[in-house]
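Engineer: Handing you this structure, nothing more for now.
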Amino acid sequence: MAGQEGGSQDQVSSGTEHDAVPALSGSLYRQKREKELRKRLNHFLSDLAILGSLQGFRYFQPWLRGREELLLTVVNEDQGWFSPGFPVSAASSLTSPSSDSSSSDAGTPPPGEPPPQAPHQQSSRNGEAHLLPASPSEREIAVPEMNCTLFLLAGYAKYGRPYAWIRSNHERLVNIGGTDSLVRDTPMKLKSITDWCSQGTRVWDIVSELVGLCTVPPPVNPFSLDMCYLQTLSLQERFLVSGAIINFLEMLLVYTSRDQPFYDKVMEEVDILRRLHIRSLWEVQKHRGTTSPSNQ
């Protein structure tokens, strides 16, 4: 009997240890997964900072606001519009907006003109309605340019992944079914964000989807450049800005599938911009040579 009891205890002990192995493996897997997602979010925030420092795109204009937020102005209708390249305003540089004014009506077409049509998204209270941005829409003081819609892209550490919110022209893009702040601050249902865990979304994936959703007609290349704006920059600024955009677009090409419809168009833009960059460098060097003390 004693032998049987001892054998039974050994079996129970062995079974307990056997059950603990999968539990430990699951815990290690979760820790590894969480570490991987944190690393991925840090990469996203790095991309966000790089994009926020750039100007010169035709269909959108980014403004960095803090480490975790970026305001993105996207063109509504392509009417030969080019990015203004305005310096960052006080409104767009504030980390915690305090104004009570709402920008939900900003960018509304003049009376008598029908608003441009764009695909509508369904906004839902379920699941993601509680994922509010750190800067509520009703206190947004950044105002988009005419014929533009303002978006907020953010990678908050507390959510562990990026999200996008509409900050103006809500009715143009989303069937909100109400006007209360909770609905208006519900994050957008974007494929690029849905693919975050499985495919590792980068900031240009979200920008591309937002431009395709907002701009009418949807451009073939959402990253098309505003060469007119770049040509208006001073020589030194043109050299620096063109180099920064080249760096961003080359990074985009490295991590983007060649199957993307805009891939070849971006390559063409990079070639054009690279020639502008080299020419600007040559002119900068020539200018420095003619103004150096040895030539005076």
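Engineer: Mind giving me the FRET efficiency for Y263 and S25? R0 is 35 Å, r the Cβ-Cβ distance, nearest 0.05 is fine. Walk me through the numbers on the way to the answer.
Structural biologist: On the way: r = 40 Å, r/R0 = 1.14.
Approximately 0.30, to the nearest 0.05.
Engineer: Run the numbers for V216 and C197: contour at 0.36 nm per residue of separation, minus the present Cα-Cα distance, in nm. Spell out each step's value before the answer.
Structural biologist: On the way: separation 19, 0.36 × 19 = 6.84 nm, distance 2.99 nm.
Additional length available on full extension: 3.9 nm.
Engineer: Could you work out how much longer the chain between I50 and L235 gets when fully extended? Use 0.36 nm per residue separation minus the Cα distance between them, nm to one decimal. Spell out each step's value before the answer.
Structural biologist: Numbers: separation 185, 0.36 × 185 = 66.60 nm, distance 2.17 nm.
Residue separation times 0.36 nm, minus the Cα-Cα distance, leaves 64.4 nm.
Engineer: Something else now. Identify the trypsin sites (Lys or Arg not before Pro) of region 227-289 meeting these criteria: DSSP loop state and at most 13 other C-beta atoms within 10 Å of the C-beta.
Structural biologist: R258
Coordinate-derived values only; no laboratory data. Predicted model only: the values in this text are computed from it and were never measured. Here the Cβ is made from the backbone with ideal geometry for all residues, glycine too, and neighbour counts use every protein chain on show.
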